Structures are given as structure tokens and as C-alpha cells.
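> There's a structure below that I have some questions on.
The values are calculated or read from the model by the stated rules, or taken from the named source; none is laboratory data. All values reported here derive from a predicted model rather than from experimental measurement. Every residue, glycine as well, gets a Cβ built from its backbone with ideal geometry; the counts of neighbours run over all protein chains shown. Heads up: the accessible areas ignore ligands, DNA and RNA and are worked out on the full protein's heavy atoms, side chains in. Shrake-Rupley method; radii C 1.70, N 1.55, O 1.52, S 1.80 Å.
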Amino acid sequence: MAITSAICNSFKTEILKAIHNFTASSGNTFNLALYTSSATLNKSTTAYSSSNEITNTSGSAYSAKGKALTSVTPVLSTDTAVCDFADISWTSASFTANGCLIFNEDATGDPSVCAIAFGSDKTVTSGTFTIQFPTADASDAIIRIA
């Protein structure tokens, strides 16, 4: 089992069906869920699943389906459409995560957008766990459509 960073193939067709709206003030709610190294997330992932989602060992920092992301309205960077999110944190947290899944909380069936591998287990103990998103440009944005 492994987590591989990729835009999900199902997402590619769903954007053409207008299932996903990333507009900041009026779009869908996108969540980020954290997973253990036992999870299989990749380009073939079609929807959120609680299977191998992390569990919180400190009480209340993490709950199923993760947290809602704050979306930034997509823009063009050169000829590439890019999407960005505000960084997200869990405070007073104790858990280990190996990757995450961004998915559309508002759409039927919680369809996936992308899987992100952290490269190794990342552990926090009674601290703050932060996901920092890259610069929203044609080379670095977490979601890019060229």
C-alpha cells in the first residue's frame, strides 16, 4: 500500500461536468483528510474513504474527514489555471500521517480531487501539525491545469 501524489483521474472528468467549484466565496467546500502509511491513495482514488484515515491520540485535534480548506479563487498563471488553499493546521495534536486527500465535501459521494504523499510518516506529539501549500503559480500550485 502506498500514497502517490496525483490529481485524481475522476476529478479530470468531473471538472468538465461542473461538479467542482473552487470559487472562494460561493464555491464548494473542499476538505483535507489525513491518512496513515497503510492507505492506498493515487490517481485512481475516486472519493473520500475513512479506510486507513489517521486517528487522533490526544482527544480532539483530528476528526473524520479532516478539516475544511479555505479556497482561493482560481487564476491564470501564464497559460495555466491554478488553484490554491490557505495553509491548514491542527493544534494540540498527537498523530502520525503519511499523506492526505483533498475531496469535495459538498458533492454527492465526496469525490476526490488529489492525493498528496508526504514522502514519509510525519508525526506530531502534543503540538501543531501544519499543511503548507506551495505558491499558486504554473510550476508549483497544488492543482494546475495546463
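> Taking amide H positions as placed in the peptide plane 1.01 Å from N, state which residues far from Ser5 in sequence (5 or more) or on other chains have amide H under 5 Å from it.
Under 5 Å from the amide H of Ser5: Ala117.
> Continuing with the same structure: What ranking, highest mean first, results for peptides 74-81, 108-115, 88-95 when packing means the other Cβ atoms within 10 Å averaged over each residue?
Details: 74-81: 13.4, 108-115: 19.1, 88-95: 17.5.
Packing order, densest peptide first, comes out as 108-115, 88-95, 74-81.
> Oh, and also: Taking the Cα centre as origin and putting +1 on Lys and Arg beta-carbons and -1 on Asp and Glu beta-carbons, what dipole magnitude results for the chain, to the nearest 20 debye? Walk me through the numbers on the way to the answer.
Values: 7 positive and 11 negative charges, 43 e Å.
Approximately 200 debye in magnitude.
> Right, here's the next one. Quick one: accessible area per residue over the chain, 1.4 Å probe, rounded to a whole number of Å²? Please report the intermediate quantities before stating the final value.
Values: 7230 Å² over 146 residues.
The answer is 50 Å² per residue.
> Right, next: Going by a ≥ b ≥ c, the root eigenvalues of the Cα gyration tensor, does the range 38-121 fall in the rounded group (a/c under 1.5), the prolate group (a/b larger than b/c) or the oblate group? Let's see the in-between values first.
Details: a/c = 1.78, a/b = 1.51, b/c = 1.18.
Here the range 38-121 falls in the prolate category.
> Just to confirm a number: summing +1 for Lys and Arg and -1 for Asp and Glu over residues other than Ser25 whose beta-carbon lies under 15 angstrom from that of Ser25, what do you get?
It works out to a net charge of -2.
> Thr73 to Ser120: FRET efficiency via 1/(1 + (r/R0)^6), r the Cβ-Cβ distance, R0 41 Å, to the nearest 0.05?
Values: r = 33 Å, r/R0 = 0.80.
Efficiency at R0 = 41 Å is approximately 0.80.
> Using θ = phi - 60° and the Karplus relation 6.51 cos²θ - 1.76 cosθ + 1.60, list the HN-Hα couplings for the range 26-34 in order, rounded to whole Hz, with x at every Gly or Pro.
Per residue, the Karplus-derived 3J(HN,Hα) values read 10, x, 6, 8, 10, 10, 10, 10, 9 Hz.
> Would you work out which of Ala141, Gly109, Val82 lies farthest towards the positive end of the dipole of the chain, given +1 charges on the beta-carbon of Lys and Arg and -1 on that of Asp and Glu, about the Cα centre?
Gly109
> Net charge near Tyr48, counting Lys/Arg +1 and Asp/Glu -1 over other residues with Cβ under 9 Å of its Cβ? Write out the running numbers ahead of the final one.
Working: positive: Lys65; negative: Glu53, Glu105, Asp110.
Spelling it out: positives minus negatives among the neighbours equals -2.
> Quick query: amide H of Gly66 versus all other amide H atoms, modeled in the peptide plane; which residues come in under 5 Å with a sequence gap of 5 or more or a different chain?
Answer set, sorted by chain and number: Leu34.
> Carbon and sulfur atoms: what percent of the 1.4 Å accessible area of the chain do they account for?
On the way: 3470 of 7230 Å².
C and S atoms contribute 48 percent here.
> Let me know the volume per residue of the alpha-carbon convex hull for the range 42-91, in Å³. Intermediate results must be reported in sequence, preceding the final value.
Details: hull volume 5.9 nm³, N = 50.
Dividing the Cα hull volume of the range 42-91 by its residues yields 119 Å³.
> Still on this structure, please answer the following. Under 5 Å between amide H atoms, partner at least 5 residues away or on a different chain: which partners does Ser37 have, H built in plane at 1.01 Å?
Those lying under 5 Å, H to H, from Ser37 are Asn98.
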